[in-house]
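Participant: Take a look at this one; I'll ask things after.
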Amino acid sequence: MSETRQYSVLFEPVRIGPVTARNRFFQVPHCNGMGHIRPQAEAAMRAVKAEGGWAVVSNQETEIHPTSDLSPFAENRLWDARDIPALRLMTDAVHDKGSLAAIELAHNGNHAQNLMTRAPVLAPSDMSLDYPYPKQARAMDKTDIRNFRRWHRDAAIRSRDAGFDIVYVYAGHNMTLPQHFLLPHMNDRTDEYGGSLENRLRLTRELLEETHDAVGATCAVAFRFAVDEMLGTDGMQAAEEGRAIVEMLAELPDLWDVNVCDWSNDSLTTRFQPQDGYQNDYISFVKSMTTKPVVAVGRLTSPDMMASMVKKGVVDFIGAARPSIADPFLPQKIEQDRIDEIRECIGCNICVMADSVGAPIRCTQNPTMGEEWRRGWHPEIIAPKEREEDALVIGAGPAGLECAMQLARRGYQVTLAEAGSEPGGRVLRESALPGLGAWARVKDHRLHDLRQRANVQIYTDSRLGAEDVLELGIPNVFIATGSHWRADGIGRNTLRNRPVMDAAATVLTPDDIMAGQMPPDGPVVVYDDDHAYIAGVIAEKLAAAGHPVIFVTPESLVSSFTALTLEQHRVQTRLLELGVDIRCNHSLAALDSARMQVACTFTGRTQDIACSSAVLVTERLRETALFDALQGRDLTTLELIGDAAGPALIADAVYAGHMAARNFERAADAVDRDWFRREIIDLTPEIPHA
Ligand code: ADP
Ligand code: SF4
């Protein structure tokens, strides 16, 4: 059977209440750090998804009222009619590409801090905020509940007026009021909204009925519902109340969008859940309890799994947030038999990280994500070359691979030289560490593309010096030689008080471990002043191999950056379970052959930790020797990119490679002047709200 026929089930239209989706690909709501602050950027990003074949394109949680103010995070906003034009940008753009637009109406209860509005925070019962901020939410009285229902109804009407085809009632991720009312630990009311399941469900039922009543003739009403809290008997379970709720509301929504919560369980990284479709065990009962279409997620990137989920009656729609971010053209590639071109999500949650800090979305695999409007980048289209013919890219890590691939797509004759025996650079090395196997997709996708192209030559085992480069006679040279971890203990927290390093100390770096070297017998300290994933992963590897590991960090949490990728709790739990001795709030003071001296980051008080070796994870040094040697030589282009230009995330290296290829042959002054388009605040005095 041809692939197209095998997957034809995925391209059947599906009716959702009064509207019809042209196929089964459904981009569920996902945050993106653009929202009401950058509405043109959001509209353009969503339009690319529609163009790539997603039949339904949703926005993200949309604040319906000033009492649900998610500032400083940049979500969508629909407080009143003045917010309609910004949302209209998205619905017009999505309709223009033939897809349906969905809006996720949200009231976030105690998950909103109301930092901008300074409004009181609302919840089913008196309780603290969902943030470590000294403010409490108050139990909603009957007037609050009536008001909330009216706000939701008004927002639904405005959603319809903004052109949305599907309007969500949202009870998920432990982040919204309807779900807070459902959960017994958040709802200790004694009135008709508390106590029995029927009472706790009352508010959700009212919202669904009232949304239907308000806009149901034109818009489908979707219900996003977390069927399981993943807390076993300590929380709502799919087999118990989750199931009962689906049964009680079965035919009320026009669409069931089901998942597990909280967000860290819904958007699991591959490090902690390598299996695609990992939510199926929890959500698969839903379809048997309703005749309405069901959508579910679980980092679905395999067309085989998608088709089988539909054929087996697990879902009607293939839901995706991250797979649609990594490849907005995933549906079209399946439809056109171009499955090997799919840019598979690697499950790293760098997209989540950006939202978590209120920055525009980015993606490790898809460097055009978030750049659709401001830079005009399209994931599948790149301008053809102008005058130049040849380019040499040195270093086949993520920056070099992406740069070479995009240059080749532009039509240049590309030579890619790599010192190592295999291309991939840090991606090759890091993907061999525990849990990071899926990250190899970053190199696999690019190598697969490069190997198809007649205008590309890849040389491995080719460490080039300056004279080799000049001898090749290629006038345009991109240097992507990367970086290596330093071994002297210098980093963020030791700049002022530089560590005293005894020459007899056994020091290893992440590069040594990735190259296969293991510490000698005896206790090993993993010292982390980097705070991302590497030190935690190395500690895990060493502990699993039987080494007694002491993890020292100046931060108060292990791998603190991973809180932004929703992993920190899991990282620390895993290390504790492996018996790693964790010492937070201490920085490196001295190291010799028998001990590490560490200093408390608060008091400066020192203590000794006995160890026979240390793995120092502090900073990286840029590999610029080749670039330096080529400066001033007779070359048309000489550009340093990726980690060699500034060590950062793999996502940043890919982005740098992409940028260099896009900018090649653009006038230097234009590149310097036109960073990107900005959404500048309109200073016209505001017209009062009618
Ligand atoms: P980035 O993240 O910027 O892509 P990496 O460290 O992943 O950087 O990759 C850099 C690659 O460059 C490594 O695979 C390394 O072997 C290669 N490299 C470094 N110096 C040279 C050189 N002089 N010639 C060819 N390849 C080089
Ligand atoms: Fe997937 Fe990572 Fe891209 Fe997010 S950033 S979509 S997790 S590859």
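The values are calculated or read from the model by the stated rules, or taken from the named source; none is laboratory data. All values reported here derive from a predicted model rather than from experimental measurement. Reconstructed Cβ throughout: ideal geometry from the backbone, glycine too, with neighbour counts over all protein chains shown. Accessible surface areas use protein heavy atoms only, side chains included; no ligands, DNA or RNA. Shrake-Rupley method; radii C 1.70, N 1.55, O 1.52, S 1.80 Å.
Participant: Go through Arg666, Arg620 for me and flag whichever is charged (D, E, K, R) and modelled with pLDDT under 95.
Facilitator: Answer to the selection: Arg666.
Participant: Across the range 272-309, what is the total count of residues that are β-branched (Val, Ile, Thr) and under 26 Å from the mean Cα position of the chain (by Cα)?
Facilitator: Restricting attention to the range 272-309, the residues satisfying the condition of being β-branched (Val, Ile, Thr) are 283, 286, 290-291, 294-295, 297, 301.
Add one more test, that the residue is under 26 Å from the mean Cα position of the chain (by Cα), and what stays is 283, 294-295, 297, 301.
Number of matching residues: 5.
Participant: Are any residues in the range 274-293 farther than 18 Å from Phe25 by Cα, in contact with a helix residue (DSSP H, G or I) (Cβ under 9 Å, 6 or more places away or on another chain) and open to solvent by 20 Å² or more (accessible area, probe 1.4 Å), and if so, which ones?
Facilitator: Once the filter is applied, which keeps residues that are farther than 18 Å from Phe25 by Cα, in contact with a helix residue (DSSP H, G or I) (Cβ under 9 Å, 6 or more places away or on another chain) and open to solvent by 20 Å² or more (accessible area, probe 1.4 Å), the range 274-293 yields Pro274, Asp281, Tyr282, Phe285, Met289.
Participant: Follow-up question, since we're still on this one. So for the range 24-37 (the condition being open to solvent by less than 10 Å² (accessible area, probe 1.4 Å) and either part of a helix (DSSP H, G or I) or outside the structural domain of Pro323 (by TED's automatic domain parsing) (or both)), does at least one residue qualify?
Facilitator: Yes, that holds for at least one residue.
Participant: Only one of Ala226, Ala171 is without any contact (Cβ under 8 Å) to a residue 60 or more places away in the chain, in contact with a Gly (Cβ under 6 Å, 6 or more places away or on another chain), within 23 Å of Asn76 (Cα to Cα) and of a type in the set (A, V, I, L, M). Can you tell me which? Steps first, please.
Facilitator: Working: Ala171 fails: in contact with a Gly (Cβ under 6 Å, 6 or more places away or on another chain).
Every option except Ala226 fails the conditions.
Participant: May I pose another question? Out of contact with any strand residue (DSSP E or B) (no Cβ under 6 Å at 6 or more places or on another chain) and among the acidic types (Asp, Glu): is that true of Asp130 in this structure? Talk me through it step by step, then tell me what you get.
Facilitator: Numbers: out of contact with any strand residue (DSSP E or B) (no Cβ under 6 Å at 6 or more places or on another chain): yes; among the acidic types (Asp, Glu): yes.
Yes, satisfied.
Participant: Residues of the range 391-450 being within 16 Å of ligand 2 (Cβ to nearest atom) and among the β-branched types (Val, Ile, Thr), which ones?
Facilitator: Of everything in the range 391-450, those that are within 16 Å of ligand 2 (Cβ to nearest atom) and among the β-branched types (Val, Ile, Thr) turn out to be Val427, Val442.
Participant: Show the residue pairs meeting these rules: Cβ distance below 7 Å; 6+ apart or different chains; first residue within the range 437-463 and assigned to a loop (DSSP other than H, G, I, E, B); second residue charged (D, E, K, R) and open to solvent by 70 Å² or more (accessible area, probe 1.4 Å).
Facilitator: Thr460/Glu422
Participant: Given the criterion at pLDDT 95 or above and open to solvent by 20 Å² or more (accessible area, probe 1.4 Å), identify the matching residue among Ala296, Ala321, Ala307. Walk me through how you get there before you give the answer.
Facilitator: On the way: Ala296 fails: open to solvent by 20 Å² or more (accessible area, probe 1.4 Å); Ala307 fails: open to solvent by 20 Å² or more (accessible area, probe 1.4 Å).
Going through Ala296, Ala321, Ala307 in turn, the sole match is Ala321.
Participant: For the range 598-639, give me the residue count where each residue is in a strand (DSSP E or B) and farther than 23 Å from Ile534 by Cβ.
Facilitator: First, the residues of the range 598-639 that are in a strand (DSSP E or B): 598-600, 606-610, 613-617, 620-622, 637-639.
Subsequent filtering for residues that are farther than 23 Å from Ile534 by Cβ retains 600, 606-608, 610, 637-639.
The number of residues fulfilling the criteria is 8.
Participant: Now a separate question. For residues that are away from ligand 1 (no atom under 12 Å from the Cβ), farther than 18 Å from Leu630 by Cβ and open to solvent by 30 Å² or more (accessible area, probe 1.4 Å), tally how many sit in the range 387-434.
Facilitator: Total satisfying the criteria: 7.
Residues are listed down the side, and each one gets a yes or a no for (1) more than 16 Å from Gly52 (Cβ to Cβ); (2) among the polar types (S, T, N, Q); (3) touching a residue at least 40 places away in the same chain (Cβ under 8 Å):
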{"residue": "Thr270", "(1), (2), (3)": "yes, yes, yes"}
{"residue": "Pro274", "(1), (2), (3)": "yes, no, yes"}
{"residue": "Asn280", "(1), (2), (3)": "yes, yes, no"}
{"residue": "Ser288", "(1), (2), (3)": "yes, yes, no"}
{"residue": "Gly298", "(1), (2), (3)": "yes, no, no"}
{"residue": "Thr301", "(1), (2), (3)": "no, yes, yes"}
{"residue": "Met306", "(1), (2), (3)": "no, no, yes"}
{"residue": "Val310", "(1), (2), (3)": "yes, no, yes"}
{"residue": "Gly313", "(1), (2), (3)": "yes, no, no"}
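Participant: Sticking with this one: Which of the following residues is of a type in the set (Phe, Trp, Tyr) and touching a Cys at 6+ places or on another chain (Cβ under 9 Å): Trp439, Trp373, Trp377? So that I can check it myself, show each step before the final result.
Facilitator: Details: Trp373 fails: touching a Cys at 6+ places or on another chain (Cβ under 9 Å); Trp377 fails: touching a Cys at 6+ places or on another chain (Cβ under 9 Å).
After applying the criteria, what remains is Trp439.
Participant: Same structure, new question: Name the single residue, out of those in the range 354-367 being open to solvent by less than 20 Å² (accessible area, probe 1.4 Å) and not in a loop (DSSP other than H, G, I, E, B), that is nearest to ligand 2 (Cβ to nearest atom).
Facilitator: Only one residue fits best here, namely Ala354.
Participant: Within the range 330-351, how many residues turn out to be more than 15 Å from Arg446 (Cα to Cα) and open to solvent by less than 10 Å² (accessible area, probe 1.4 Å)?
Facilitator: Residues in the range 330-351 being more than 15 Å from Arg446 (Cα to Cα) and open to solvent by less than 10 Å² (accessible area, probe 1.4 Å): 6 in total.
Participant: Okay, next question. For the range 475-489, how many residues are assigned to a loop (DSSP other than H, G, I, E, B) and either open to solvent by 20 Å² or more (accessible area, probe 1.4 Å) or among the polar types (S, T, N, Q) (or both)? Walk me through it before giving the result.
Facilitator: Initial filter on the range 475-489 (assigned to a loop (DSSP other than H, G, I, E, B)): 475, 480-482, 486-489.
This time we only want the ones that are either open to solvent by 20 Å² or more (accessible area, probe 1.4 Å) or among the polar types (S, T, N, Q) (or both), so: 475, 481, 486-488.
So the answer is 5.
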